[in-house]
Amino acid sequence: MPAINLFFTALLFLTGLYCMLVSRNMLRLLIGMEILSKSCILAFISFGSQIGQTSTAQSIIITIIVVEVVVIGVGLALMVKTSSATGTIDIWKLNKLKD
Amino acid sequence: MTSHILLLCLLLLFSVMAVMAEEMLMSAVYLGAASVALTLLLYEMYAPWAAVFELSVCAGLITVLFISAISLVRQEESFIAEPRLRFKLLPVWLFMAGILLSTFGKKYLAAFQTDVIPPPQNEGVGLILWHLRTTDIIGQLCMFLAGVLIINSFFSRRKA
């Protein structure tokens, strides 16, 4: 079973990475990061269950989720602030940070 | 085993749909659905605590945060003229990556062909989190404080 988990982990990781590489929308970047973290969670639990250390994997997953929610919260706050300041959430137009 | 593969497929499907959806609101909803699929997977793999956290925080709180942020950003601000073909090509790339992975990564993936071992009954997540990984708790608290301070500095009211 962990082999199929790792197969899907790799595909999920590619999906998140592709989303972050291709998109210029700030919100979509955060969605890509969320998908990346989901793939990490899946990898942690599959390795943890394979070696019989599910509880340790769970405690690490809880830490990952806490870090993830803080990063997403800060990212969304940055996005709302940027959209009210510049009128767009396109990352290509964020080239006037020095002004 | 069948339900496990079905849940994995649902997780991947909802994630791909979250990336491909044209409307941001639908992306957030699909991401929440992917979190629910991951929750069921975690529960099936003997990880109920992680499943509860995933369901309440990722499927609940983060979806609400995303929807709130989308409603705060005006429609014309969130519209970016991106070529949609890039996103429509994602399933093709994934299919090719899947074929490549199953062809060339077969011998590496075969090393993980063991069944899930259920955890021993006396081993608690709380015990590990509070006694063995105490630094993680301190790190989590620091992250929370840093997040609160950053968001507070973004939306602070200037004195006249």
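The values are calculated or read from the model by the stated rules, or taken from the named source; none is laboratory data. Since this is a predicted model, take the numbers as computed values, not measurements. Every residue, glycine as well, gets a Cβ built from its backbone with ideal geometry; the counts of neighbours run over all protein chains shown. Accessible surface areas use protein heavy atoms only, side chains included; no ligands, DNA or RNA. Shrake-Rupley method; radii C 1.70, N 1.55, O 1.52, S 1.80 Å.
How high is the relative contact order of chain B, given as a whole-number percent (alpha carbon pairs under 8 Å, six or more residues apart)?
On the way: 83 pairs, mean separation 27.9, N = 160.
Here the relative contact order equals 17 percent.
Can you give me the relative contact order of chain A as a percent, contacts being Cα pairs under 8 Å and 6 or more apart?
So the answer I get is 28 percent.
Before rounding to the nearest 500, sum -39500 (n - 2.57) across all DSSP H runs of length at least 4 in the protein assembly as shown and divide by the residue total; then give [θ] at 222 nm in deg cm²/dmol.
Details: 12 runs with 183 residues, N = 259.
Calculated mean residue ellipticity at 222 nm is -23000 deg cm²/dmol.
For the stretch A:3-98, give the magnitude of the charge dipole about the Cα centre (Cβ charges: +1 Lys/Arg, -1 Asp/Glu; no others), in debye to the nearest 20.
440 debye
Starting from the stretch A:23-99, pick out the trypsin sites (Lys or Arg not before Pro) whose DSSP state is loop and whose Cβ has at most 14 other Cβ atoms within 10 Å.
Here the sparse-neighbourhood loop sites are A:Lys96, A:Lys98.
Starting from the 7 Å offset along Cα-to-Cβ, what nm value, one decimal, do you get for the label separation of B:Val148 and B:His4?
Here the modelled spin labels are 4.1 nm apart.
Quick one: longest stretch of chain B between exposed loop GluC sites (Glu not before Pro), exposed meaning at most 14 other C-beta atoms within 10 Å and loop per DSSP? Don't skip to the answer; put the middle values down first.
Details: sites that count: B:Glu22, B:Glu23, B:Glu123.
The reported range is B:24-122.
On the accessible surface of the stretch B:1-78, probed at 1.4 Å, how many percent belong to carbon and sulfur atoms?
The C+S portion of the solvent-accessible surface of the stretch B:1-78 is 73 percent.
How many angstrom lie between the C-alpha centres of the stretch B:45-114 and the stretch A:72-93?
The two parts, judged by their Cα centres, are 21 Å apart.
For labels at B:Ile138 and A:Thr86 in the simple 7 Å Cα→Cβ model, what's the distance in nm?
Distance between label points: 3.8 nm.
Assuming 1.567 mPa s and 4 °C, estimate D for chain A with Stokes-Einstein, Rh taken as the Kirkwood radius over Cα pairs, in µm²/s.
In µm²/s, the coefficient rounds to 86.
Does a label point 7 Å from the Cα of B:Ser68, set along Cα-to-beta-carbon, have any residues of the stretch A:62-80 with amide nitrogen under 15 Å, and which are they?
Only A:69-80 fall inside the zone, counting backbone N under 15 Å.
Between B:Phe104 and B:Arg86, what is the label-point separation in nm under the 7 Å Cα-to-beta-carbon projection?
2.5 nm
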